[in-house]
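See structure below.
The values are calculated or read from the model by the stated rules, or taken from the named source; none is laboratory data. On a predicted model such as this, the values are computed, not experimentally measured, just so you know. Note: ideal-geometry Cβ built from the backbone for every residue, glycine included; neighbour counts use all protein chains shown. Keep in mind that these areas ignore ligands, DNA and RNA; they rest on the heavy atoms of the full protein, side chains included. Shrake-Rupley method; radii C 1.70, N 1.55, O 1.52, S 1.80 Å.
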Amino acid sequence: MIRINITSVYVDDQAKALAFYTEKLGFEKKTDVPAGEARWLTVVSPASPDGVELLLEPTSHPAAKVYKEALVADGIPFTSFAVDDVYAETERLKGLGVVFTQDPVDYGPVVVAVFDDTCGNLIQLATVK
């Protein structure tokens, strides 16, 4: 059976991304290995430390920067994270200074909100009802 092991989010600055994803979002650093001029830097959910890793990948390829900018300009999140209660998580993150571009919206089977990760991406939070 194929499983998702690692997924990526392109970030403008790996150190800044690590601080945001751990200190604000609550992820934990899993892997931090030098990789040329960058690092192989992953974080995981503390609820699943051996689960899917999120690679904080540098936006070094020219196409990645254009892609990210186009998504942000159109208000499209780069990826989505699941939370148990999107309303409570939005308030918790706002209390930590996280800027939301979309407050929670109830779409029937799902409630979503969107925030700026300070690293060039919009990220969606989602609670499936």
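Given a 1.4 Å probe and the protein chains all in place, what does the accessible area of Thr59 round to, in Å² to the nearest 10?
Accessible area of Thr59: about 30 Å².
Compute a Gaussian network model of the chain, connecting alpha carbons closer than 10 Å, and tell me which residue from Val98, Val83, Val112 fluctuates the most.
Val83
What angle do you read, to the nearest 10 degrees and between 0 and 90, between the alpha-carbon axis of helix 86-95 and the longest principal axis of the chain?
Roughly 60 degrees between the two axes.
Considering only protein heavy atoms, with the full assembly of protein chains and a 1.4 angstrom probe, order Lys129, Lys68 by accessible area, largest first.
Lys129, Lys68
Could you compute the net charge surrounding Asp103? Neighbours are other residues with a C-beta less than 15 Å from the C-beta of Asp103; K and R count +1, D and E count -1.
Every neighbour counted, the sum reads -3.
In the chain, what percent of the accessible surface is made up of carbon and sulfur (1.4 Å probe, ligands and nucleic acids excluded)?
56 percent
If Tyr21, Tyr10, Tyr87 are ordered by their accessible area, calculated over protein heavy atoms with a 1.4 Å probe, which sequence runs from highest to lowest?
Tyr87, Tyr10, Tyr21
Out of the range 36-127, which GluC sites (Glu not before Pro) are coil in DSSP terms and have no more than 16 other C-beta atoms within 10 Å?
Glu37
Largest first, what is the accessible-area ranking of Ile76, Ile4 with a 1.4 Å probe?
In descending accessible area the options line up as Ile4, Ile76.
Can you give me the P(r) profile for the range 36-96? Cα pairs, bins 10 angstrom wide beginning at 0, each as a whole percent.
16, 34, 40, 10, 0
For the chain, what does the helix formula give at 222 nm: sum of -39500 (n - 2.57) over DSSP H segments with n ≥ 4, over the residue count, nearest 500 deg cm²/dmol?
That comes out to -6000 deg cm²/dmol.
If contacts are Cα pairs under 8 angstrom and at least 6 residues apart, what is the relative contact order of the chain in percent?
Relative contact order for the chain comes out at 24 percent.
Given 4 °C and 1.567 mPa s, how large is the Stokes-Einstein diffusion coefficient of the chain in µm²/s, with Rh as the Kirkwood radius over Cα pairs?
Calculated translational D: 85 µm²/s.
Choose one answer from Pro77, Pro46, Pro62: the residue with the largest mean-square fluctuation in a GNM of the chain with alpha-carbon springs under 10 Å.
Pro62
Can you compute the modelled spin-label distance between Glu28 and Leu71, with each label point 7 Å from Cα toward Cβ, in nm?
In this crude spin-label approximation the distance works out to 2.6 nm.
Under a GNM of the chain (C-alpha, springs under 10 Å), which listed residue has the highest mean-square fluctuation: Phe100, Phe81, Phe115?
For the chain, modelled as a Gaussian network with Cα springs under 10 Å, the answer is Phe81.
Relative to the longest principal axis of the chain, what angle (0 to 90°, nearest 10) does the C-alpha long axis of helix 62-73 take?
Roughly 10 degrees between the two axes.
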